[in-house]
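Inspection log for the structure reproduced underneath, given as structure tokens.
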Amino acid sequence: MATDRAAATRAKWLETLTAHKRDPDAPGSKDYWAPSLDCASRDELVAIQNAKLAALAPFLYENSAFYRARFDRLRLLPSDIRTVDDLAKWPVVDKAEMMADAQEHPPFGTYTTHDDALWAERGWMLFSSSGSTGSPRVFRYSQLDRELWSWANARALHAFGIRPSDSLLICAGYGPHVFAWGVQFAIAKMKVACIPGGGMTADMRAMIVDRFKPTVLVCTPSYALHLGRVMEEKGLEPARSSVRTVLVGGEPGAGIEGTRTRLEKLWGARLVEFYGCTEASPHCGGYSCPASDQGPGPVTTHLMEDTQIWELVDADTGARVPEGERGLTVCTNLNSESSPQLRFLVGDYATFSTARCACGRTHVRAVGAFAGRADDLINLRGIKMYPVQLEGAVRAVPGVGDEYEIVLSTDAAGLDIMTARVEHADPGVAARVAQEIRSRCEVRVEVEVLATGTLPKTEFKAKRVRDLRRA
Ligand SMILES: [Zn+2]
């Protein structure tokens, strides 16, 4: 009977997960939460991925309408996807396919392994994508997934050097966004102190830093800049505050040289970063390597490979690219019953390396972190660039304010143009900004220099690009 197979394949998947879940509740060593996983040989990591994948494919086939239909359409059997190498048979799933499923079966779609009766029985928590491209999409995560998520994130937070003697100030709205909640769940497991900084103004948060002396600040990179400046205005030097680690997520930060150095200098602190997306949560995703943040060389981000399989694919052909070549990120979520992605196109450009890492971890690294989503690519008269490239250029000019804006518009002659609006005390800085952008992005740009404090302050995620072009 179908229901028997549904239960049996779930039991097998759970049993496989349990077999490879080590150090579930406390760190196994001083430097590594789960040393036998974090430092496993590459062969062992692949063996774990293969074991989980072989259990996941039948689990999905028997429990998810979305995956069953896709297997049938591709004329594949669950037994065809048993190893990492078999994944090439399964074309990547993109956001458009996920959205079409959700629109046909609103509001959640059919890709999860739970029907409504199971959800009602097991409980859930709602999350949503930030809607950076298209309308926000909604997700439900089960209690089992949240427990596995807190374990994976605890391993990453341990790698960042966060310990029970620390206290975190989490500056987030506590809305349905994965980044802050993922940290929140993990620190409960880690017995690390927490100050939930939701529903407060920057002024109030600055006073909390001063009064309660958190050692770790958790927020977006834009917000860390804003809060630091608010502290300065109040005569509280952030670099002399209790904060020794700034943990960022939600938007690219550590990989943008100018942004990273600006934040580290402002706070006199180390910058560490989470990488991921709502679709492939609940799970750690990527976390910046504790060895690379000491420099020299680029920041690198580890991707947790015993819980997820990460690949890079060619943007045009969708074929897997060899190690060392640039491609778009694709994630297979092995440890999730709520969001069990099989080759989901996350879509950030990256370059991977499995070379031995100085921190001792063996999991693959994205070298130079992540350069932003492919969907965010700006195309101006055929010249293509990423918002992070523009950010790098703007931040390279000394004295430019933290807030800036890129406006794309069409001029009277019908030509599409780009204007950078920056804050600076000296209007003469326009030429320097234009030159930085031209040399990095090979594009001519108008620069408008505004008085300091003109642009609105970022309260959560920065919205830096405004596209007003006529279609
Ligand atoms: Zn490392």
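Annotations
- Acute angle (nearest 10 degrees) that the helix 221-233 long axis makes with the longest principal axis of the chain, alpha-carbon atoms: 40 degrees
- Among beta bridges that DSSP assigns inside segment 188-345, antiparallel share in %, nearest 5: 65 percent
- The chain - share of DSSP beta bridges that are antiparallel (%, nearest 5): 60 percent
- Debye intensity ratio in log₁₀ form over the Cα atoms of segment 31-145, taken at each q of 0.15, 0.20, 0.22 Å⁻¹: -0.87, -1.19, -1.23
- Counting only cysteine Cβ atoms and a cutoff under 4.7 Å, the chain contains unmatched residues CYS39, CYS194, CYS277, CYS284, CYS289, CYS331, CYS357, CYS359, CYS441.
- Backbone amide hydrogens, once placed in the peptide plane, bring LEU380 within less than 5 Å of MET385, excluding anything fewer than 5 places away on its chain.
- Antiparallel DSSP beta bridges within segment 346-471, percent to nearest 5: 60 percent
- Partner lysines whose Cα lies under 28 Å from the Cα of LYS463, excluding those fewer than 8 positions away in the same chain, are identified as LYS95, LYS234, LYS265, LYS384.
- The chain: angle of helix 95-104 to the longest principal axis, Cα-based, in degrees nearest 10: 60 degrees
- Ellipsoid fit via the Cα gyration tensor, segment 114-242: semi-axes of 31, 18, 11 Å, each the root of five times an eigenvalue, largest first.
- Taking the protein heavy atoms of segment 1-160 in the context of the full set of protein chains, the accessible area attributed to carbon and sulfur is 56 percent at 1.4 Å.
- Accessible surface calculations at 1.4 Å, restricted to protein heavy atoms, place the chain at 41 Å² per residue.
- The chain: Rg to Rh, with Rh as the Kirkwood radius over Cα pairs: 0.97
- Per-residue ³J(HN,Hα) for segment 176-191, Karplus 6.51 cos²θ - 1.76 cosθ + 1.60, θ = phi - 60°, Hz, x for Gly and Pro: x, 10, 6, 4, 5, 5, x, 5, 4, 4, 5, 6, 5, 5, 7, 6
- For segment 259-351, alpha-carbon Rg over 2.2 N^0.38 Å: 1.20
- ³J(HN,Hα) computed for each position of segment 396-411 - Karplus, 6.51 cos²θ - 1.76 cosθ + 1.60, integer Hz, glycine/proline x: 6, 8, x, x, 6, x, 5, 8, 7, 8, 10, 10, 9, 8, 10, 7
- Nearby lysines by direct alpha-carbon distance to LYS30 (threshold 19 angstrom, same-chain neighbours under 8 apart not counted): LYS21, LYS189, LYS191
- Built amide H within the under 5 Å cut-off of ARG270, gap 5+: THR245, VAL246
- Cα centroid of segment 361-408 to Cα centroid of segment 283-321, whole Å: 18 Å
- Whichever aspartates and glutamates have a C-alpha closer than 14 Å to that of LYS213, once near sequence neighbours (fewer than 8 apart) are set aside: ASP166, GLU237
The values are calculated or read from the model by the stated rules, or taken from the named source; none is laboratory data. A quick note: this is a predicted structure, and the numbers were derived from the prediction, not measured. Glycine gets a Cβ as well: all are built from the backbone with ideal geometry, and neighbour counts include every protein chain shown. All accessible areas refer to the heavy atoms of the entire protein, side chains included, with ligands and DNA or RNA removed. Shrake-Rupley method; radii C 1.70, N 1.55, O 1.52, S 1.80 Å.
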